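J.: Sharing a structure here in structure tokens format.
The values are calculated or read from the model by the stated rules, or taken from the named source; none is laboratory data. Fair warning: this is a prediction, and the values are worked out from it, not measured in the lab. With ideal geometry, Cβ positions are generated from the backbone for all residues, glycine too; neighbour counts draw on all protein chains shown. Accessible surface is based on the protein model in full, side chains and every heavy atom, while ligands, DNA and RNA are left aside. Shrake-Rupley method; radii C 1.70, N 1.55, O 1.52, S 1.80 Å.
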Amino acid sequence: MEKMIRVLLVDAGGILFNNINEETSFIPDIARRYAVDESRLLAAVLSSAHAYESGASHAYDVLRGLLEEAGSPFADTFDGEWVDRLYATHVRCYRSNAVELAEVARAHPELTLVLANNEAEHWDHLKNRHHDHYRLFDHLCSSWRVGQVKPSAEYFAETLARCGADPRETLMIDDRTTVIAAARDLGMRTLHVSSPEVLRTHLRETVENLVPSARN
């Protein structure tokens, strides 16, 4: 008999929040302030994201280093507080999705909810200060906490171990097809959130079909 889910691994970017680097002018705005090429800086940030997402480096240090590499004449005046204010103006919280997730959790208290996103510790905390999304979860397994980045096998192994979860009892909710594919390869059920609306329209039905209490 197929196991029912008891753990939800929930990504944040694209689901609870917009994807800052990919969907906003956050990096181009930094590039303009520090007089470097916008497309070059964006490409460098995307290729270096693992350094801050894994917790190996602070987001400030990565950005400052990339500005230096890009030849900014102002890199030595890097202003972290300004960057934080800029980041906060670009963050969009999908509150209806947060409400939906909380309602599903209330309806199924037997489920364990896990924050399973790739994010810098600094940006994760900044968003939480503004939007209090940590409260939705029983475990926080952001990449910087785990020390690994999705969709690596190491990330999933460590996250599942921390939650005491079996892949076959886990539902991975993510907007990235590479993450969804990796989760499926491990035996997880998945919900691909290709747009924010997908969570609101499909989460409840998906959970109702997969949790034991819904079948009693």
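J.: Could you work out the relative contact order of the chain? I mean the mean sequence separation of Cα pairs under 8 Å and 6+ apart, divided by the number of residues, in percent.
T.: Value for the chain: 30 percent.
J.: What does the convex hull of the Cα atoms of the stretch 92-196 come to per residue, in Å³, rounded to a whole number?
T.: In the stretch 92-196, the Cα convex hull volume per residue is 99 Å³.
J.: Now for a different question. Using square roots of five times the C-alpha gyration tensor eigenvalues, list the equivalent-ellipsoid semi-axes of the chain in whole Å, biggest first.
T.: 34, 17, 14
J.: Another one. With the crude spin-label approximation of a point 7 Å out along Cα→Cβ, what separation in nm comes out for VAL99 versus ARG204?
T.: About 1.2 nm separates the two model spin labels.
J.: What whole number of Å gives the distance from the Cα centroid of the stretch 35-94 to the Cα centroid of the stretch 146-185?
T.: Their Cα centres are 27 Å away from one another.
J.: Let me ask something else about it. Taking Cα atoms, how many degrees apart are the long axis of helix 153-163 and the longest axis of the chain, rounded to 10 and kept between 0 and 90?
T.: Helix 153-163 and the main axis of the chain meet at about 60 degrees.
J.: Same structure again: How much of ASP76 can a 1.4 Å solvent probe reach, expressed as accessible area in Å² and rounded to 10?
T.: 130
J.: So, counting K/R as plus one and D/E as minus one, what does the shell of residues with Cβ under 13 Å around ARG92 add up to?
T.: For residues surrounding ARG92, the net value is 0.
J.: Tell me the angle of helix 121-131 to the major Cα principal axis of the chain, expressed in degrees between 0 and 90 and rounded to the nearest ten.
T.: Relative to the chain, helix 121-131 is tipped by roughly 70 degrees.
J.: Let me make sure I get this right: for the stretch 100-160, a, b and c are the square roots of the gyration tensor eigenvalues over alpha carbons, sorted descending. Under 1.5 in a/c it's rounded, otherwise prolate if a/b > b/c, else oblate. Which is it?
T.: oblate
J.: May I ask you to order 141-152, 59-70 by the average number of other C-beta atoms within 10 Å around their residues, highest value first?
T.: Highest to lowest by the protection proxy: 141-152, 59-70.
J.: How far apart, in nm, are the 7 Å Cα→Cβ label points at VAL91 and TYR60?
T.: It is 1.7 nm.
J.: While we're on this one: How long is the gain from ARG106 to SER39 if the chain were fully straight, where each residue apart is worth 0.36 nm and the alpha carbon distance is subtracted?
T.: Taking ARG106 through SER39 to full extension adds about 19.7 nm, to one decimal.
J.: Counting only heavy atoms of protein chains, what accessible area per residue, in Å², does the stretch 1-134 have with a probe of 1.4 Å?
T.: Result: 45 Å² per residue.
J.: Mind running the shape call on the stretch 1-87? Use the C-alpha gyration tensor, a ≥ b ≥ c as the square roots of the eigenvalues: rounded below 1.5 for a/c, prolate if a/b tops b/c, oblate otherwise.
T.: prolate
J.: Another question, then. I'd like the carbon and sulfur percentage of the solvent accessible area for the stretch 1-95, probe radius 1.4 Å, heavy atoms only, ligands and nucleic acids excluded.
T.: 48
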